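Take a look at the structure below.
The values are calculated or read from the model by the stated rules, or taken from the named source; none is laboratory data. Values in this document were obtained by computation on a predicted structure and should not be read as measured data. Cβ placement follows ideal geometry from the backbone for every residue including glycine, while neighbour counts extend to all protein chains displayed.
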Amino acid sequence: MDYTIIRSGRKTLAAQITADGVLIRAPFRCTDKEIAAFVEKNRDKIERYMDRAKARRESLPDEPRLTVEEIHKLADQALVFIPERVRYLAPLVGVTYGHITIRNQKSRWGSCSSKGNLNFNCLLMLCPPEVIDSVVVHELCHRKEMNHSPAFYAEVRRVCPEYDKWNRWLKEHGPAIMKRMTG
């Protein structure tokens, strides 16, 4: 089984199924041999998840793929709209932030680096404004908690009480939107 390894300061091994394949997240101290043993031990489970992900992708509606021009237009819109939302929401979260970058990503809606730089997917412009705000709040809350702990989600819900509703919307409709990019 082919997989990509990302090492970080995490404490445990984890497998993640992405649009590009299998991603193994590993602690810095973990050896290649330990990672290979983890993958082998979990091979059946990983393959089941891969099959489910493939079936979900194939069941998505066939929306037209975005053209390069359409992606550029979405990115231009995002470069205006998303920084405005970050400027508005950051004081509500009570954090500062670094640079804001707009990308055309295949599998992520946003991310926050340890230095406070924020990345957002231009495809967010195809989502309702409330969804965009929920993603912005999610990433800004990582300035307080660089994890997905109960404390992190408590902070997200403090600022965005309807976060769960908009997160469900994104889980339901997001894969079809992403499919337009990854074609």
Practice prompt. Among the residues of the stretch 26-38, write down those that are buried (at least 17 other Cβ atoms within 10 Å of the Cβ) and either under 20 Å from the mean Cα position of the chain (by Cα) or assigned to a strand (DSSP E or B) (or both).
Written response: ALA26
Worksheet item: Which of the residues that make up the stretch 53-79 are β-branched (Val, Ile, Thr) and in a helix (DSSP H, G or I)?
Response: VAL68, ILE71
Discussion item. Checking VAL95 against (1) surrounded by fewer than 19 Cβ atoms within 10 Å (Cβ to Cβ); (2) under 18 Å from ILE71 (Cβ atoms); (3) in contact with a Leu (Cβ under 6 Å, 6 or more places away or on another chain), only one condition comes out false. Which one?
Written reply: (2)
Discussion item. When you check LEU89 against the structure, is it in contact with a Leu (Cβ under 9 Å, 6 or more places away or on another chain), surrounded by 15 or more Cβ atoms within 10 Å (Cβ to Cβ) and farther than 24 Å from CYS141 by Cα, yes or no?
Written reply: no
Worksheet item: With respect to ARG180, is the statement that it is over 25 Å from GLY21 (Cα atoms), surrounded by 15 or more Cβ atoms within 10 Å (Cβ to Cβ) and touching a residue at least 24 places away in the same chain (Cβ under 8 Å) true?
Response: no
Worksheet, complete the sentence: When SER107 is run through (1) surrounded by 20 or more Cβ atoms within 10 Å (Cβ to Cβ); (2) under 22 Å from THR18 (Cα atoms), the failure sits at (1)
Worksheet item: Where residues in the stretch 1-25 are outside any loop (DSSP other than H, G, I, E, B) and hydroxyl-bearing (Ser, Thr, Tyr), which of them is farthest from MET181 (Cα to Cα)?
Response: SER8
Worksheet item: Is there a residue in the stretch 49-65 that is loosely packed, with under 14 Cβ neighbours inside 10 Å and of a type in the set (Phe, Trp, Tyr)?
Response: no
Discussion item. Which pairs turn up if I take residues in the stretch 46-73 that are more than 30 Å from ALA14 (Cα to Cα) and look for partners that are assigned to a loop (DSSP other than H, G, I, E, B) with beta carbon separation below 7 Å, at least 6 apart in sequence or on another chain?
Written reply: ARG65/GLY183; ILE71/ASN104
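Let's see how each residue does on (1) β-branched (Val, Ile, Thr); (2) outside the structural domain of CYS141 (by TED's automatic domain parsing); (3) over 26 Å from HIS138 (Cβ atoms):
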site	(1), (2), (3)
ALA26	no, yes, no
LYS33	no, yes, yes
ALA36	no, yes, yes
ILE46	yes, yes, yes
TYR49	no, yes, no
ALA53	no, yes, no
GLY94	no, no, no
TYR97	no, no, no
ARG103	no, no, no
